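Bear in mind these aren't lab numbers, they're just calculated from the coordinates by the rules spelled out. What you see is a predicted model, and the numbers here were worked out from it, not measured in a lab. So basically every Cβ, Gly included, is an ideal-geometry build from the backbone, and we count neighbours across all protein chains shown.
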Amino acid sequence: MKIAFLNIYNGIVERGSEVFVDEIAGRFSGSYDVDVFQIGKKTDKKYTVNQITGIPYIKNQSLLYDFFLLLFSLRCFSYLLKNKYDWIVPINGGSQVIVCRVVRFVTHSKILICGHAGIGRDDKINIQFGKPDIFVALSQKALSWVKEKFPFQKTVYIPNGVDLSQFNPSLKPIDTGLRLPVILCVSALLPYKRIGLLIDAVSGIVNTSLLLIGDGPLYENLYNQAQSKIPGRFKIIKKVSHNDITRYYKTAQVFSLPSKESEAFGLVYLEALASNIPVVAPDDQSRREIVRNAGLYTDVEDPVKYSDVLIKALKNDWENKPRRQAEKFSWDTISSEYKKIIEKV
């Protein structure tokens, strides 16, 4: 079986969708012929990397990003026609799913779309215009949403996963120079991540530090906010490779990310849990599916409540609850679920 993944920024950044492609494509390569189309340079991977050159990296979602996504997808077009893949997995949505649909018309390939965009406009467009043979919802809530909006769309629920060997409690923590205890947040610095709410909450906790790993358009604003509210007890590290970030998780006593409920999944929650770090998360269905009893939930828009729950999480004895919860989401298990559906449909 031949499978093609299209993800424009693979090899450039290491966010949720890029990690997903690398993990699933790597595990598929032992059973199938797997090609990944990306603008990142070719590296030593188990799968075949097809680098599409001449496409710049655009940090922010914009009309310019949309233009280069279309250009990237069109440059993949001839390869997709020539190689006649059994399955095509367009990760980036939008114009990309339309290009893949044209390829399917010619080659009779099948299309699998994952709900990385999250509930709302983008995934609605991806389903309407992509007409996938299978749509994968990353949460039970997303599954219900698709079934309600698109009752004839074949949809399954498969969450994201975590590499349990890479993220594990036995790793030695990195010395960040921050005073303990440390609350960790790993996130792109984007509006819907709502990192400012976490800074506000930490400002209400004495003798506690915040370590923020990530970059984005809000970097300067968030740095200034932290400098004003928690001076001397925070660090923002713009970039850490996915391979190196594991030891940063071990510096923390609690992990928290107050992103909006519209976020598709939140892979970093699993990475924290796999490192046996408890999580404080927004109180919604999707986060409860991931974290269960390995963390606490709160109204992150109320800084006092948020602070109180962070303090409670720091005081609790979590034993091995976070790690045990993460073990339910092994990438080996998740990739097996994907194998089942592509061989069945």
Contact order relative to length of segment 116-210, as percent, for alpha carbon pairs under 8 angstrom and 6 or more apart: 20
Residue order, fewest to most surrounding Cβ atoms within 10 angstrom, among HIS116, HIS242, HIS108: HIS108, HIS242, HIS116
Vicinal HN-Hα couplings computed from phi for segment 99-112 (Karplus, 6.51 cos²θ - 1.76 cosθ + 1.60; Hz; Gly/Pro x): 4, 5, 5, 5, 4, 4, 4, 7, 9, 6, 5, 9, 10, 10
Which of LEU74, PRO181, GLY118, positive extreme of dipole for the chain (C-beta unit charges): LEU74
Inter-part distance where segment 151-198 and segment 99-113 are each reduced to a Cα centre, Å: 33
Positive minus negative residues near GLN128 (Lys, Arg vs Asp, Glu; Cβ under 14 Å): +3
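What percent does the relative contact order of segment 182-328 come to when contacts are Cα pairs within less than 8 Å and at least six residues apart? Numbers along the way, then the final one.
Details: 261 pairs, mean separation 37.0, N = 147.
Computed over segment 182-328, the figure is 25 percent.
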Nearest 10 degrees, 0 to 90: helix 63-83 Cα axis against the chain principal axis: 40
Residues ASP244, ASP22, ASP284 arranged by fewest to most Cβ contacts within 10 Å: ASP244, ASP284, ASP22
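What ranking do ARG121, ARG27, ARG247 get, fewest neighbouring Cβ atoms within 10 angstrom at the top?
Working: ARG121 10, ARG27 21, ARG247 15.
Taking fewest neighbouring Cβ atoms as first place, the list is ARG121, ARG247, ARG27.
When the helix-only estimate is applied to the chain (DSSP H runs of n ≥ 4, each -39,500 (n - 2.57), divided by the residue count), what is the mean residue ellipticity at 222 nm, nearest 500 deg cm²/dmol? Intermediate results must be reported in sequence, preceding the final value.
Details: 13 runs with 139 residues, N = 345.
When only DSSP H runs of four or more count, the value is -12000 deg cm²/dmol.
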Percent RCO, i.e. relative contact order, over the chain, from Cα pairs under 8 Å lying at least 6 residues apart: 15
Formal net charge of residues neighbouring VAL202 (Cβ-Cβ distance under 11 Å; K, R +1; D, E -1): +1
Local net charge near PHE68, Cβ-Cβ under 15 Å (Lys/Arg +1, Asp/Glu -1): +1
Rounded if a/c under 1.5, otherwise prolate or oblate - segment 182-328, Cα gyration tensor axes: rounded
Matching label, Rg/Rh (Cα atoms, Kirkwood Rh) computed from the structure shown, candidates (1) 1.14; (2) 0.97; (3) 1.19: (2)
Charge dipole of the chain about the Cα centre (unit charges at C-beta), most positive-ward option of PRO303, VAL206, SER29: SER29
Selected from ILE111, ILE125, ILE158 as most flexible by GNM, with the chain as the system and alpha-carbon contacts under 10 Å: ILE125
